Amino acid sequence: MTQTTSATVVAPDMLPTRRSGSSLIMRKVKRSLPSLGIVAVVAAFWEVASHWFGVPAYILPSLEAIGSKIVTRWSDTLASATWVTGKEVMGGYVLAVVVALVIALLLHLSESLRNAVYPLLIGSQAVPIVVIAPVLAIMFGYTITPKLIVVAFICFFSMVVNSLDGLSAVDPQYLRLMRTLDGSRWSTLRRVQIPAALPSMFTGMRISAVYAPVGAVFGEYAGSQDGLGYVMIQATPLMATDMVFAAIVILTIGAVALFLLVNVLERIMCPWARQSRVA
């Protein structure tokens, strides 16, 4: 008695590929080389202008002076200021995420509410934040509350727009499948629409991440007793430009760190989005 067996032929390009940790690191390093090259060129021009072209230090301090200022003033001034501004950035950003997602869900579930509120959201972005921040400082004093509101106000809009677009762009076939399975509105939202909209939601979060430190500085400019914005306010009349740039460097590092944190959360919560972009 003979027994026949069938084998499945798999194309080579369909086989799963494993990349070693070193190859992933090398690939990321290669991707970063153009950016690092641009930074190096800008730094070289900066140093040449500050040392050889006779530009006064109060106009353009050298990178060495800025780095020295960060080191020497970190323990007595910059550390506490960074902690205060960091709390404002993270608190306001989390508040913006919560408010934006709630608003996006409500607007998605109610067309009449969306028609009434969405134009107002667009109009709110035309209000200059430099006008709102002092009013909030008068209302709430020199506390952390007005800074949180300013950061949330700057960050929430892009989150709302991207989240609402993601919820509305779900494949109709999935929605028909849920109706075929007698899925309720809530189960469809929870099992299909929210997971499908996660990449768009994280896109809005990434965009807003780089604006959160700007909102904190605006809030501190309007009224504060500590923070990196307060440090810049105090340093500007003294022409301590190196101190101003030191605060700017710390704010830039904080914005990049927040952006990377959102990227990590996106990889954890919706890894399929990154795989589809890579493919």
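The values are calculated or read from the model by the stated rules, or taken from the named source; none is laboratory data. Since this is a predicted model, take the numbers as computed values, not measurements. Positions of Cβ are backbone-derived with ideal geometry, glycine not excepted, and every protein chain shown enters the neighbour counts.
Considering region 87-102 alone, what residues qualify as being under 21 Å from residue 167 (Cα atoms), surrounded by fewer than 17 Cβ atoms within 10 Å (Cβ to Cβ) and not β-branched (Val, Ile, Thr)?
Of everything in region 87-102, nothing turns out to be under 21 Å from residue 167 (Cα atoms), surrounded by fewer than 17 Cβ atoms within 10 Å (Cβ to Cβ) and not β-branched (Val, Ile, Thr).
Go over the candidates 165, 182, 76, 171 one by one and state the one that is closer than 18 Å to residue 204 by Cβ and of a type in the set (Asp, Glu).
Details: 182 fails: closer than 18 Å to residue 204 by Cβ; 76 fails: closer than 18 Å to residue 204 by Cβ; 171 fails: closer than 18 Å to residue 204 by Cβ.
Within the list 165, 182, 76, 171, the selection yields 165.
Does region 42-64 contain at least one residue that is of a type outside the set (Ser, Thr, Tyr), modelled with pLDDT under 80 and within 29 Å of the chain's Cα centre (by Cα)?
No, region 42-64 has no match at all.
For region 45-87, enumerate the residues that are in a loop (DSSP other than H, G, I, E, B) and more than 20 Å from residue 213 (Cβ to Cβ). I'd like the intermediate steps shown before the answer.
Going residue by residue through region 45-87, those that are in a loop (DSSP other than H, G, I, E, B) are 52-62, 73.
Correct list: 52, 53, 54, 55, 56, 57, 58, 59, 60, 61, 62.
Filter region 241-271 down to the residues that are closer than 30 Å to residue 221 by Cα and among the charged types (D, E, K, R) and list them by number.
The initial filter retains those residues of region 241-271 that are closer than 30 Å to residue 221 by Cα, namely 241-263.
Passing the criteria: only 242.
Among all residue pairs at least 6 apart or on different chains, which show Cβ distances below 6 Å where the first residue, located in region 167-188, is closer than 20 Å to residue 106 by Cβ and the second is assigned to a helix (DSSP H, G or I)?
Hits for this filter: 167/108; 167/193; 167/197; 170/193; 170/196; 188/178.
Out of 151, 170, which single residue is β-branched (Val, Ile, Thr) and within 17 Å of the chain's Cα centre (by Cα)?
On the way: 170 fails: within 17 Å of the chain's Cα centre (by Cα).
Result: 151 is the single residue among 151, 170 that is β-branched (Val, Ile, Thr) and within 17 Å of the chain's Cα centre (by Cα).
Which number in (1) closer than 19 Å to residue 220 by Cβ; (2) part of a helix (DSSP H, G or I) marks the one condition that residue 118 misses?
(1)
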